[in-house]
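The values are calculated or read from the model by the stated rules, or taken from the named source; none is laboratory data. Bear in mind that the values here come from a model prediction, so they are computed numbers and not experimental data. Note: ideal-geometry Cβ built from the backbone for every residue, glycine included; neighbour counts use all protein chains shown.
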Amino acid sequence: MTAARPDGQSATRLSTVEESALVYEAVVASALDSVIIVDEAGCVVALNPAAESTFGYSAREAIGRQISDLIVPDHLKAAHEAGMARYRASREPRVLGRRVEMEARCKDGRVIPVELAITEVNLLDRRLFTANLRDLSAQRAAAAEIERQKEALHQSEKLAAIGSLLAGVAHELNNPLSILLGQATMLHEEMDSAAGAAPVARRAEKLVTAAERCARVVRSFLAIARQRKAETRAIAILPLLNGAIDLLQYKLQSSGVTVTLQCDGSEPEIFADPDQAQQIVVNLLVNAVQALEEVEEPREITISPRLRRDQLGIVFADNGPGIPPHIARRIFEPYFTTKPQGVGTGIGLSISRGLAEAQGGQLSLVAQPRRGAAFELSLPLAAAPAMEGEEQGRAPAVTATAQRRAIVIDDELEIAVLIAEALQRKGYRCDIAASGREGQALIAALGSGYDAVICDLRMPDLDGPGLYRWMQTHHPALAERTLFVTGDALGPAAGRFLAESRRPVLEKPFVPAEVVRMIAGFPKHRVTDSA
């Protein structure tokens with residue numbers, strides 16, 4: 001039958017109750033959300049395909065059974081039964097017509113979050129309830145991922161800020177530390193050769209040892225802060241491990257942790273980036289110390305080598321609480337941590353594994369026969385160096401004579417004086433300039449008569465790159481006899497300049513002997529070089 005519409009058109013009406021029921025059934029069957037119909041006793045009367053898919057029950061399994069036996073979790077059953085009994089007694093609904101979020105159980109035992117809306121349906125002979133349930137699992141997972149990404153961004157920004165802080169602190173420490181290290185070294189050399197000065201020499205040696213330790217800490221700070229590409233080369237494992245232990249010495253002692261190093265220096269060299277390899281070692285040691293703080297003393301970390309066919313493995317084992325199996329499979333996931341908020345970022349192991357794999361190695365959790373946890377860092381073995389390479393890597397002998405002359409340019413006058421004194425002991429005549437402009441004037445006056453230029457990279461008036469380009473134009477031979485020193489963290493601009501100029505650079509803090517060694521190979525100037 002048809003009925004007239006206000007606009008003059010006609011619309012087809014459903015002519016029978018049966019047709020209405022068929023349409024209703026079709027709508028419910030095609031609904032994306034779960035629909036479950038129950039009677040006043042809580043028995044399932046019908047459910048749509050979406051409900052079958054979500055909860056895992058077929059219509060044959062579900063119809064006639066109590067809804068509480070199917071999808072109500074155990075911890076909510078008492079509340080569900082109480083609510084049904086209250087409704088049957090008072091006929092006063094509390095959740096009808098409302099949307100509520102709760103949990104529901106699937107056939108396989110999984111408990112999922114759902115949004116529930118219940119509608120009452122009054123028939124001639126009975127009352128039914130239609131429960132519309134929307135699975136919120138995907139929505140909750142998306143929200144959790146957004147929160148994780150926000151936390152990851154926060155941690156990334158925090159680490160970037162820490163990196164900048166480390167670079168700034170290291171830069172400020174480099175100049176005074178260079179003075180301390182250099183003066184302590186030279187004092188030790190003087191006292192060591194002086195008659196009857198053995199006690200003073202031993203005291204000076206302790207100063208040198210402490211200053212060198214500080215220098216290693218600063219270099220580690222810079223390595224962490226730079227975030228540069230890996231520069232792999234052959235390195236010995238024992239100095240690398242000792243450097244990481246030195247960096248954490250105070251933390252180890254204050255936590256009562258003993259480190260046993262089962263390496264004797266005879267291990268084959270590995271092929272890796274030394275800074276990144278040390279960062280992995282530091283991360284592993286820090287994790288071990290934090291785990292050991294949960295147990296009583298003795299607290300021990302054992303570092304032992306394992307020689308593979310083409311790799312050297314270093315095992316870091318502790319006698320801490322160990323890692324439960326259900327956590328072990330997730331420990332390398334980014335931002336996963338079992339530590340309290342503020343104690344860890346959850347990225348140390350993830351970053352360490354990435355650094356190891358980037359260098360052709362691997363980082364893995366290994367089984368422990370006793371209590372504790374153990375990680376193995378494996379890195380490729382370095383190829384045996386050729387004889388020619390050995391000769392090239394050998395430091396050139398210093399054959400300086402009184403005729404050799406150098407100019408030291410540094411706005412930190414104490415460092416310039418220190419370098420000049422070390423060179424003078426090797427027979428150099430030295431001029432000192434406290435600025436780039438002053439150094440430029442001295443060079444302009446003497447021409448290319450200098451055998452070496454030792455120049456700070458960063459100075460306020462005329463910096464090292466500016467002076468170098470001026471020398472390339474006016475004294476090109478002298479530009480090829482230039483050594484740069486720097487206490488900076490070597491930002492992108494400085495890095496590009498050094499790559500383009502291909503001039504050697506010595507990073508502060510350093511001992512004066514390193515300057516002497518590096519300029520010893522410079523060609524001696526010729527008379528024709530001079531202006």
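Here are some notes:
- Answer from L128, L124, L96, L136 - the residue that is closer than 22 Å to A59 by Cβ and either at pLDDT 85 or above or assigned by TED's automatic domain parsing to the domain that holds I71 (or both): L128
- Selection status of V44, more than 17 Å from D135 (Cβ to Cβ) and touching a residue at least 60 places away in the same chain (Cβ under 8 Å): no
Condition check ((1) closer than 17 Å to L478 by Cα; (2) at pLDDT below 90; (3) among the hydrophobic types (A, V, I, L, M, F, W, C)) across all residues:
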residue	(1), (2), (3)
A383	no, yes, yes
A395	no, yes, yes
T399	no, yes, no
A406	yes, no, yes
L413	no, yes, yes
I419	no, yes, yes
K426	no, yes, no
A452	yes, no, yes
G466	yes, no, no
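So that you can scan it fast, the table gives a plain yes or no per residue for (1) touching a His at 6+ places or on another chain (Cβ under 7 Å); (2) at pLDDT 85 or above; (3) under 15 Å from E376 (Cα atoms); (4) of a type in the set (A, V, I, L, M):
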residue: E269; (1), (2), (3), (4): no, yes, no, no
residue: P274; (1), (2), (3), (4): no, no, no, no
residue: A277; (1), (2), (3), (4): no, yes, yes, yes
residue: V289; (1), (2), (3), (4): no, yes, no, yes
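- In segment 442-462 there is no residue matching the filter, namely being part of a helix (DSSP H, G or I) and within 42 Å of the chain's Cα centre (by Cα).
Listed here are the residues, each with its yes/no results for (1) acidic (D, E); (2) within 29 Å of T185 (Cα to Cα); (3) buried (at least 16 other Cβ atoms within 10 Å of the Cβ).
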{"residue": "A444", "(1), (2), (3)": "no, no, no"}
{"residue": "D451", "(1), (2), (3)": "yes, yes, yes"}
{"residue": "L457", "(1), (2), (3)": "no, yes, yes"}
{"residue": "A479", "(1), (2), (3)": "no, no, yes"}
{"residue": "G487", "(1), (2), (3)": "no, yes, yes"}
{"residue": "A493", "(1), (2), (3)": "no, no, no"}
{"residue": "L498", "(1), (2), (3)": "no, yes, yes"}
{"residue": "R502", "(1), (2), (3)": "no, no, no"}
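- Search result, residues across segment 30-75 that are loosely packed, with under 14 Cβ neighbours inside 10 Å, farther than 19 Å from E115 by Cβ and among the hydrophobic types (A, V, I, L, M, F, W, C): A41, A59
- Within segment 255-265, tally of residues that are of a type in the set (S, T, Y) and in contact with a helix residue (DSSP H, G or I) (Cβ under 9 Å, 6 or more places away or on another chain): 2
Results for (1) at pLDDT 75 or above; (2) under 17 Å from A131 (Cβ atoms); (3) more than 53 Å from the chain's Cα centre (by Cα); (4) part of a helix (DSSP H, G or I), shown as yes or no for each residue.
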position: L22; (1), (2), (3), (4): no, no, yes, yes
position: A29; (1), (2), (3), (4): yes, yes, no, yes
position: L32; (1), (2), (3), (4): yes, yes, no, no
position: A50; (1), (2), (3), (4): yes, yes, no, yes
position: S53; (1), (2), (3), (4): yes, yes, no, yes
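- Residue check for E205: in contact with a helix residue (DSSP H, G or I) (Cβ under 6 Å, 6 or more places away or on another chain), within 29 Å of A416 (Cβ to Cβ), modelled with pLDDT of 70 or more and among the acidic types (D, E): yes
- Criterion: of a type outside the set (A, V, I, L, M, F, W, C), modelled with pLDDT of 75 or more and not assigned by TED's automatic domain parsing to the domain that holds I443 - qualifying residue of G354, G389, G348, G344: G354
- Per the listing G464, G487, the residue uniquely in contact with a Cys (Cβ under 8 Å, 6 or more places away or on another chain), small (G, A, S) and either at negative phi or assigned by TED's automatic domain parsing to the domain that holds M186 (or both) is G464.
- Cβ pairs under 8 Å, 6+ apart, first in segment 133-149 and within 24 Å of A29 (Cβ to Cβ), second among the hydroxyl-bearing types (S, T, Y) and surrounded by 12 or more Cβ atoms within 10 Å (Cβ to Cβ): L133/S34; L133/T54; R134/S34; D135/S34; D135/T54
- Taking segment 68-85 as the range and being among the aliphatic types (A, V, I, L, M) and either out of contact with any Phe, Trp or Tyr (no Cβ under 9 Å at 6 or more places or on another chain) or on the phi > 0 side of the Ramachandran plot (or both) as the test, the residues that pass are V72, L76, A78, A79, A82, M84, A85.
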